[in-house]
Amino acid sequence: MFSDFRHAIRVLVKSPGVSTLIVLVLAVGIGANTAMFSIIHGVLLRPLPYADSAQLVAIRSLVRGKEGDNAAVPDVVDFRAQSRSLAAIAAYTDYRIAMTGRAHTRRRRERRGSGGRDLGIDVGASLRADAIDHR
């Protein structure tokens with residue numbers, strides 16, 4: 001075993017260009033692997049920062065065979081009334097507004113929510129932080 005190790009060291013010392021290339025390839029491979037696992041952990045594996053986040057579900061509407069982003073308000077009211085397995089239901093919607101003035105028009109994207117406190121989530125704080133100004 002030690003003779004194989006000594007032979008490998010001798011071969012690497014005799015050709016420093018190949019040795020450098022091998023080290024660089026290993027470094028790039030290890031770095032890429034670490035980056036991919038960090039991204040996967042941050043996006044897919046880490047739990048959401050809410051109490052009992054494993055119990056949160058998203059409900060989307062289906063209109064004429066196409067999935068919609070938001071359920072209509074009457075649908076949410078029906079979900080709340082007829083749900084037997086969900087403890088609480090909250091809804092939110094995204095919309096764009098344009099505020100016109102004398103000098104320029106300001107466009108904003110806003111998100112409004114209903115009753116996230118039932119879920120143990122401070123919806124208002126996250127929604128206010130989400131407002132984006134577009135000029």
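The values are calculated or read from the model by the stated rules, or taken from the named source; none is laboratory data. These numbers come from a predicted model, not from an experiment. Counting neighbours? That spans all protein chains shown, and the Cβs are built from the backbone with ideal geometry, glycine included.
Anything in region 76-135 that is assigned to a helix (DSSP H, G or I) and either modelled with pLDDT of 60 or more or more than 18 Å from residue 48 (Cβ to Cβ) (or both)? List them, or say none.
Within region 76-135, 76, 77, 78, 79, 80, 81, 82, 128 meet the criteria.
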Residue pairs qualifying under the 8 Å Cβ cut-off, at least six apart or on distinct chains, with the first in region 19-39 being without any contact (Cβ under 8 Å) to a residue 12 or more places away in the chain and in a helix (DSSP H, G or I) and the second being of a type outside the set (Phe, Trp, Tyr) and surrounded by 10 or more Cβ atoms within 10 Å (Cβ to Cβ), are 19/12; 22/12
